[in-house]
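First the structure, in the form of structure tokens, and then the observations on it.
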Amino acid sequence: MFETMSIETLQAYWWIIISILGSLLVFLMFVQGGQTLIYTIGKTEPERKMLVNALGRKWEFTFTTLVTFGGAFFASFPLFYSTSFGGAYWVWMAILFPFIIQAVAYEFRSKPNNFLGHKTYEWFLIINGLLGTVLIGTAVATFFTGSAFSVNKSALTNLLDPAISRWQHPAHGLEAVLNWRNVALGLAVFFLARVLGILYFMNTIDDENILTRSKKQLVINTIPFLVFFLAFTGALLTMPGFAVRPQTGVVFGESLKYFHNLVQMPMVMLLFAAGVVFVLLGVALPLISFEKNASSGIWYAGAGTILTVFALFCLAGFNNTAYYPSTYDIQSSLTIHNSSSSHYTLTAMSYVSLLVPFVIAYIWYAWKAINSKKIDAAEMEEGGHAY
């Protein structure tokens, strides 16, 4: 089946796979968002136990999706992996570190004779929630704003120095925070993760005090999310972008490139608009009718997050667009065509990708099985918390 596909079709197929994984990752970062609210919504130790236990049921989904996203990117578009992960290593190390301490926190927070104490590990979770979301959002924004790197594929023949990608900024990725558009998306992801975390608490926890505070925090965090998301979206649709001539592969600047992409890909426009509407519905319904819709908000907002992020990835990679622009050398910009694996590798990987629906089905089954009963104070008193 996949052997008969052209290399262009396989490249598009794998960009869609990457986009789906990236979309799922942003949705699952409700765990990180919820972690930043442990002390805001949980005012007592039993309440914090409920919050941490609720998040602890799902944190491995986020971590696994992050690893899968990175692995799929490495296998399908290795030149991006070598350029970004090899050159912007400080920002990726800054992203990896919070996820390491998150795993440590969930493993040891409730261990007996824990010499660091609960609060230390809870602050590990807060650090992960803050840095993990802001830095990932900031890094993804460079798909549109670009980074300072160069690519020279002929360097492969140089036995003494065969590196084909070179980073051209001494900060090695951390310079992304100097672009306000990158930071705007990073903060939008941060506040979106908090909104999703709040909606998850509403769906999972049965405690009047926690639900009352969650409803209040839902409003408080939705406002800055909308501000930063609209700021980034407005900048994206009005900024110049990096277009590619399909016949020659030459990259050139194009005014309003991402606006043109949105207009010229009506299906992507529809997905983007639907995603935004679903996120707003997920927030509005619990506020309008809390008792009726408190548990369902996470599903509307989660679906909307997946659709919106998927549409953003499509804007970055399709319609003859450089998905990783170089601000140092425009012709070094990466596209899904000049940075992908070979036809053979993409074909072999495509057969493996047929297992993805089964993995998603397992995640859904595990999610429903774990969430079969809401967490309440009685469960905490019985020692039901595991984290």
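The values are calculated or read from the model by the stated rules, or taken from the named source; none is laboratory data. Quick caveat, the model's predicted, so the values are computed rather than measured. All Cβ positions, glycine included, derive from the backbone under ideal geometry; neighbour counts span all protein chains shown.
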Exercise for the section: Could you check D206 against (1) acidic (D, E); (2) out of contact with any helix residue (DSSP H, G or I) (no Cβ under 7 Å at 6 or more places or on another chain); (3) surrounded by 21 or more Cβ atoms within 10 Å (Cβ to Cβ) and say which number it fails? Expected result: (3)
Practice task
Scan the range 250-287 residue by residue and report those that are surrounded by fewer than 16 Cβ atoms within 10 Å (Cβ to Cβ) and either at pLDDT below 95 or outside any helix (DSSP H, G or I) (or both).
Solution key: V250, F252, G253, S255, L256, L287
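From the list I198, I164, which residue is out of contact with any Phe, Trp or Tyr (no Cβ under 8 Å at 6 or more places or on another chain) and within 30 Å of S289 (Cα to Cα)? Full working, then the answer.
Working: I164 fails: within 30 Å of S289 (Cα to Cα).
When all the criteria are applied, what remains is I198.
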Completion exercise
For the range 238-249 the number of residues that are surrounded by fewer than 17 Cβ atoms within 10 Å (Cβ to Cβ) and aliphatic (A, V, I, L, M) is 1
Problem - All positions within the range 72-114 that are of a type in the set (S, T, Y) and touching a residue at least 12 places away in the same chain (Cβ under 8 Å) - result: S76, S82, T83, S84, Y89, Y106, S110
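I need a count of the residues in the range 330-352 that are assigned to a helix (DSSP H, G or I) and closer than 28 Å to S165 by Cα.
11
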Practice task
Among the residues of the range 28-86, count how many are in contact with a helix residue (DSSP H, G or I) (Cβ under 7 Å, 6 or more places away or on another chain), at pLDDT 90 or above and outside any helix (DSSP H, G or I).
Solution key: 4
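Each row is one residue, and each column tells you yes or no for (1) under 23 Å from L315 (Cβ atoms); (2) aliphatic (A, V, I, L, M); (3) under 21 Å from the mean Cα position of the chain (by Cα).
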position	(1), (2), (3)
T204	no, no, no
K216	no, no, no
V250	yes, yes, no
V268	yes, yes, yes
A284	no, yes, no
N293	no, no, no
Fill in the blank from the handout: Apart from one, (1) among the polar types (S, T, N, Q); (2) assigned to a helix (DSSP H, G or I); (3) farther than 21 Å from T133 by Cα all hold for Q247; the odd one out is (2)
Exercise for the section: Kindly indicate whether any position in the range 133-146 is buried (at least 16 other Cβ atoms within 10 Å of the Cβ) and either at pLDDT below 90 or not in a helix (DSSP H, G or I) (or both). Expected result: yes
Problem - When residues of the range 209-229 are limited to those that are among the aliphatic types (A, V, I, L, M) and either more than 20 Å from A303 (Cβ to Cβ) or touching a Gly at 6+ places or on another chain (Cβ under 7 Å) (or both), the one surrounded by the most Cβ atoms within 10 Å (Cβ to Cβ) - result: I210
Completion exercise
Subset of the range 216-239, residues touching a helix residue (DSSP H, G or I) at 6+ places or on another chain (Cβ under 6 Å) and not aromatic (F, W, Y), comes to Q217, L218, N221, T222, P224, A231, A235, L236, L237
Exercise for the section: Within the range 364-380, track down each residue that is in a helix (DSSP H, G or I) and either modelled with pLDDT of 75 or more or of a type in the set (S, T, Y) (or both). Expected result: W364, Y365
Handout entry: One residue from G302, G297 being crowded, with 16+ Cβ neighbours inside 10 Å, under 19 Å from the mean Cα position of the chain (by Cα) and closer than 27 Å to R194 by Cβ
Key = G302
Exercise for the section: Return the residue satisfying two criteria in turn: it lies in the range 65-119 and is in contact with a His (Cβ under 7 Å, 6 or more places away or on another chain), of a type outside the set (F, W, Y) and closer than 18 Å to V151 by Cα, and of such residues it is surrounded by the most Cβ atoms within 10 Å (Cβ to Cβ). Expected result: A88
